[in-house]
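Values in this text are rule-based calculations from the coordinates and carry no lab data. Remember, predicted model here, so these are calculated numbers, not experimental data. Backbone-built Cβ (ideal geometry, glycine too); neighbour counts: all protein chains shown.
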Amino acid sequence: MRTESFSAASNELAKIGRRLYDRGWVLGTSGNFSAVTARRPLRLAITPSGASKGALVAADILQCDERGEPVGRRRGRPSAETSLHLEIVNRRDARAVLHTHSIWSTLVSDRYAADGGVAIQGYEMLKGLRGVTSHEHREWIPILANDQDMRRLASLVGKMLTEHPGAHAFLLSRHGLYTWGETLAEAERHIEILEFLLEALGRRLEDRNL
């Protein structure tokens with residue numbers, strides 16, 4: 001699978017950031033996105049820490065190595081959650097990772113945290129996920145407790161990805177959604193599909209409580 005150049009990845013990540021901000025999925029300085037630009041040695045184009053995704057430009061995007069350390073001349077600090085991106089890239093052989101903080105992913109992750117995950121089945125939109133061909137597919141989205149210790153959280157993410165090889169995404173409780181893809185376009189499609197499904201589930205739960 002082809003990797004993108006750093007320049008091309010920077011442009012695409014900035015555009016995606018602005019699009020997802022406009023959808024209300026990465027408000028404030030929330031969210032982070034990355035794309036693999038080389039495998040050997042591993043190089044990752046990633047959004048900087050503390051940046052508004054609605055104002056991202058290509059020059060904001062940083063590059064880091066397999067340890068999450070910045071490389072290149074651009075100044076700034078990579079996302080605080082870079083280690084999670086690296087874990088996903090290595091465990092899933094993904095080329096792109098996107099993380100959003102929508103209201104619905106936050107609420108659903110809170111509601112189902114005690115169950116360790118949430119199952120979604122019977123929706124036509126599931127067919128937008130890679131490899132899914134029927135609305136009858138049952139998608140299990142694991143939910144992990146949030147943690148400010150990124151090394152410890154990355155270890156839990158790695159264990160979860162091994163235990164759930166069919167998962168297309170996971171949630172961090174009261175935090176948000178992580179998904180990935182073989183390309184940035186696929187990862188963005190997964191975000192759109194999953195955010196739709198989480199909103200549908202959240203609104204259904206809301207109706208039951210009226």
Original post:
Taking segment 1-76 on its own, what percent of its Cα-Cα pair distances exceed 19 Å?
Top reply: 31 percent
**OP:** Among DSSP beta bridges lying fully in the chain, give the percent that are antiparallel, nearest 5.
**Re:** 95 percent
**OP:** Quick one: check the C-alpha center-to-center distance for segment 1-67 versus segment 132-210, whole angstrom.
**Re:** 19 Å
Subject >> Crossing angle, helix 6-22 versus the chain [Cα axis fit, 0-90 degrees, rounded to tens] >> reply: 40 degrees
Original post:
Which residues in segment 64-100 place their backbone N less than 16 Å from a point set 7 Å from the Cα of Thr29 along the Cα-to-Cβ direction?
Top reply: 75-82
Original post:
Mind checking which lysines have their C-alpha under 23 Å from Lys15, skipping anything on the same chain fewer than 8 residues away?
Top reply: Lys53
**OP:** Can you give me the three principal axis dimensions of the chain from its C-alpha atoms, in Å, biggest first?
**Re:** 54, 32, 32
**OP:** With a bin width of 10 angstrom, please list the P(r) values of segment 44-100 as percents of all Cα-Cα pairs, from the 0 bin to the one holding the largest distance.
**Re:** 23, 57, 20, 0
Original post:
Taking Cα atoms, how many degrees apart are the long axis of helix 150-163 and the longest axis of the chain, rounded to 10 and kept between 0 and 90?
Top reply: 60 degrees
Original post:
Modelled label-to-label distance, Ala55 and Glu69, 7 Å Cα→beta-carbon offset: nm?
Top reply: 3.1 nm
Subject >> Contact order relative to length of segment 6-208, as percent, for alpha carbon pairs under 8 angstrom and 6 or more apart >> reply: 20 percent
Original post:
Full extension from Arg77 to Lys159: what is 0.36 nm times the residue separation minus their Cα-Cα distance, to one decimal in nm?
Top reply: 26.9 nm
Subject >> Loop-located chymotrypsin sites (Phe, Trp or Tyr not before Pro) in segment 1-82, at most 13 other Cβ atoms within 10 Å (DSSP) >> reply: none
**OP:** Would you list which lysines come within 29 Å of Lys159, measuring only between C-alpha atoms, while excluding same-chain residues fewer than 8 positions from it?
**Re:** Lys127
Subject >> Footprinting exposure proxy for Ser109, Ser173 (fewest neighbouring C-beta atoms within 10 Å first) >> reply: Ser173, Ser109
Subject >> Residue-span extension gain [Arg91 to Ser5] - 0.36 nm each, minus C-alpha spacing >> reply: 28.8 nm
